[in-house]
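Below: one structure, written as structure tokens.
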Amino acid sequence: MRNQSWRLLLLRCRSRSQQLHIPGHFSHFHSHPTQVRHFSSLLSRTTFASQIPDQKNPSFRCFSTSELAVEHKDSDQVLVLTDIFSKPPRSSDEIKLELDSNNIALTHELVLKVLKSLSSAPDAARRFFDWVLEREGERLSSKSYNLMLGVLGSNGYVKEFWDLVGVMKKKGYGVAKGTHDRVLEKFVKDGLDSDVENLKELYASGSIDNSVEKVCSRICKVIRGGVWGDEVEKRLRELNIAYSSDLVAMVLGNLGTEQNKALIFFRWIQESNLFEYDERTYNAMVRVLGREDCIDKFWRVADEMRGAGYEMGKETYVEVLEQFIKRKMMKDAVDLYKFAMGGANKPSIQDCTFLLRKVVVSKELDMDLFLKVVKAFTEGGNVLTNSTVDAVLKSLTSVRRLRECNKILKAMEEGGFLPNDTLQSKIAFQLSRYGKKKEASKFMDNVEATGNPNYKTWASLIEGHCVAGALDEASDCFQKMVEKEGASCPGYALDLLVNVYCNKNRAMDACKLMTDMVILKELKPSHTTYKVLIGKLLVQGGFIEALKLLGLMKHSGFPPFLDPFIDYVSKTGTADEAMMFLNAMTVKRFPSTVVFLRVFEAYLKGGRIKEGQNLLSKCPRYIRNHADVLNLFFTMKTGTAAAATSVAA
């Protein structure tokens with residue numbers, strides 16, 4: 001038998017294939033790819049809320065993102081197609097132009113979805129079905145015919161229903177049970193007794209024995225019945241089957257994990273001139289071969305398919321990519337993405353994001369694979385966005401690889417990407433927040449090399465250091481920021497830094513930093529910053545430092561900040577400290593009498609009469625002899641004497 005040797009060679013790999021077969025519920029999914037898609041769709045609806053991959057089983061959770069994007073795109077295309085064919089009839093070429101303008105490429109799955117959406121619009125469904133039959137008949141399968149048959153029968157198109165049954169018989173397609181039950185119910189409801197009997201007779205006569213499903217089952221039984229050889233080929237010929245695209249694709253899918261037999265069958269039917277490969281059968285074959293134990297065969301068939309002028313369908317791409325990701329075959333997953341980007345059915349933008357995230361959470365971060373995805377994406381005419389990079393960095397953080405951030409950004413740079421100010425700020429904060437000091441410094445150097453970072457990026461970097469408790473690094477970054485951005489942009493960063501220093505009982509360090517910046521760099525802190533720091537200094541024993549700030553505050557033109565000083569000296573301060581405060585708060589020789597009166601009243605109210613009298617003795621003559629001051633102390637003495645008399649009585 002011709003080429004029998006290569007078939008035997010393929011079968012020698014069978015034992016290894018079985019050893020590598022993954023047991024359990026995953027193997028069931030491989031046998032039924034539609035269930036994989038259904039499962040992933042369900043999973044996406046329940047777990048898509050999180051952007052960060054599930055670290056226990058990240059491949060399943062994140063893959064739903066890619067598949068959801070495909071389903072969303074399909075739903076949009078279904079709406080467009082439904083609208084096109086619901087309008088009055090137009091020429092075939094006009095419809096084709098409209099589909100092209102909407103970037104719609106018909107696939108088998110898309111045809112099924114449109115027919116389902118038009119189930120209650122039989123005229124539109126007929127126009128769509130007839131157009132596909134005329135232009136791209138290979139997209140129609142037994143399932144497509146049965147959906148159209150159901151639309152006709154359930155909407156009262158009896159003559160058209162029976163006409164299509166006749167066409168299906170010629171093609172070897174049977175009436176599916178679901179279609180039979182649906183139409184039978186309508187015929188009974190409408191009182192079409194003769195049609196009811198004819199339909200029952202059609203079903204009872206075993207017409208479905210020659211359906212694609214039944215024929216497929218017979219073929220698979222023969223192939224599984226023994227080792228491939230002359231006897232198997234003889235029995236297949238004796239079946240006297242007219243092979244179709246629908247039938248071949250179904251056989252390949254049903255052979256499931258018996259990839260070698262599927263490939264031998266695939267080669268045999270063409271060698272025997274029983275069938276000429278088309279796009280659908282090629283796609284069915286590569287779906288079967290998308291496993292680690294037959295990856296070389298997969299790529300040979302994929303290349304052969306493209307060489308023959310056929311494209312990998314997006315459903316095939318999604319299904320095979322899922323298999324590669326599930327088996328941790330990242331190199332092949334990336335190669336598959338690159339292969340698909342080189343064809344007409346390019347993956348969506350979301351697929352790039354999905355794959356980049358999968359690469360960065362792999363056991364080992366392979367930057368060559370990462371860069372290959374970036375290049376395939378950008379060379380396909382796409383542009384990397386901040387949202388894509390943000391998603392990738394979240395995944396990087398989720399597996400504690402933030403140290404690799406600069407490598408990732410460098411690879412993105414090669415793809416023409418530069419982060420905007422918002423993303424720069426976010427990255428700077430994350431790096432400093434998680435204590436990646438060297439990486440944060442390198443990141444800022446890179447930002448400066450491609451364009452000066454703005455003050456928001458610096459502020460985020462400083463904030464991250466503050467959150468991490470690295471105040472010295474925060475202080476250094478603040479000084480660099482002032483050096484590079486100038487004294488007019490510290491704002492939020494200085495407020496943040498002062499608050500954190502104060503909360504760490506380091507108000508004196510904050511004061512030194514701010515004083516140096518004001519004197520040496522002409523920094524202009526806000527009124528609020530001065531007030532907060534003065535209040536904290538007085539609480540933390542920094543009276544002298546607070547007085548210095550009072551002088552700087554006064555020099556900057558802000559009104560004097562009296563309350564915390566008066567409160568401090570009245571409770572714990574000495575008369576000398578009170579005089580220092582009074583001298584520091586004005587450029588005149590002494591402040592007004594009103595300020596003296598407030599200080600004296602605070603002393604007397606706090607019961608520190610002796611300290612009040614000490615302060616009075618140090619005051620200039622015009623204060624000691626002022627009527628209001630004398631009345632205050634007289635009232636104090638009178639009140640004290642009255643209190644003493646009351647106690648004695």
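The values are calculated or read from the model by the stated rules, or taken from the named source; none is laboratory data. Given the structure is predicted, the values throughout are model-derived calculations rather than measurements. Heads up, the Cβs are rebuilt from the backbone with ideal geometry, glycines too, and the neighbour counts pull from every protein chain shown.
List of remarks:
- Selection of region 119-161 for residues being charged (D, E, K, R) and either without any contact (Cβ under 8 Å) to a residue 12 or more places away in the chain or in contact with a helix residue (DSSP H, G or I) (Cβ under 6 Å, 6 or more places away or on another chain) (or both) yields 123, 127, 130, 138, 139, 159, 160.
- Test: residue in region 425-439 that is buried (at least 19 other Cβ atoms within 10 Å of the Cβ), in contact (Cβ under 8 Å) with a residue 24 or more places away in the chain, in contact with a Cys (Cβ under 7 Å, 6 or more places away or on another chain) and of a type outside the set (A, V, I, L, M, F, W, C): yes
- Filtered by the rule that a residue be touching a residue at least 24 places away in the same chain (Cβ under 8 Å) and farther than 15 Å from residue 250 by Cβ, region 262-271 gives 263, 264, 267, 268, 271.
- Residue tally, condition under 19 Å from residue 348 (Cβ atoms), in contact with a helix residue (DSSP H, G or I) (Cβ under 6 Å, 6 or more places away or on another chain) and among the small types (Gly, Ala, Ser), over region 77-118: 0
- Failed item, numbered, when residue 355 is tested on (1) surrounded by 23 or more Cβ atoms within 10 Å (Cβ to Cβ); (2) in contact with a Leu (Cβ under 7 Å, 6 or more places away or on another chain): (2)
- Count of region 289-329 residues which are of a type outside the set (Phe, Trp, Tyr), out of contact with any His (no Cβ under 9 Å at 6 or more places or on another chain) and in a helix (DSSP H, G or I): 23
- Within the option set 76, 123, 163, 83, being exposed (fewer than 15 other Cβ atoms within 10 Å of the Cβ) and modelled with pLDDT under 85 holds for one residue only, 76.
- Counted residues, region 395-414 - those being in contact with a Lys or Arg (Cβ under 7 Å, 6 or more places away or on another chain) and surrounded by fewer than 19 Cβ atoms within 10 Å (Cβ to Cβ): 1
- Residue among 71, 67, 94 that is assigned to a helix (DSSP H, G or I) and modelled with pLDDT of 85 or more: 94
- All told, residue 501 falls short of being in a helix (DSSP H, G or I), more than 17 Å from residue 479 (Cα to Cα) and in contact (Cβ under 8 Å) with a residue 12 or more places away in the chain.
- Residue within region 568-580 that is at pLDDT 90 or above and either among the acidic types (Asp, Glu) or outside any helix (DSSP H, G or I) (or both) present: no
- Residue 556 at pLDDT below 85, within 18 Å of residue 495 (Cα to Cα) and surrounded by fewer than 18 Cβ atoms within 10 Å (Cβ to Cβ): yes
- So residue 407, is it of a type in the set (Lys, Arg) and either out of contact with any helix residue (DSSP H, G or I) (no Cβ under 7 Å at 6 or more places or on another chain) or modelled with pLDDT of 90 or more (or both): yes
- Looking only at region 266-292, and only at residues there that are surrounded by fewer than 21 Cβ atoms within 10 Å (Cβ to Cβ) and of a type in the set (Asp, Glu), the one that is nearest to residue 350 (Cα to Cα): 292
- Of the residues making up region 596-622, those that are closer than 16 Å to residue 581 by Cα and buried (at least 18 other Cβ atoms within 10 Å of the Cβ) number 10.
- Answer from 249, 262 - the residue that is closer than 24 Å to residue 142 by Cβ, of a type outside the set (Asp, Glu) and in contact with a Lys or Arg (Cβ under 8 Å, 6 or more places away or on another chain): 249
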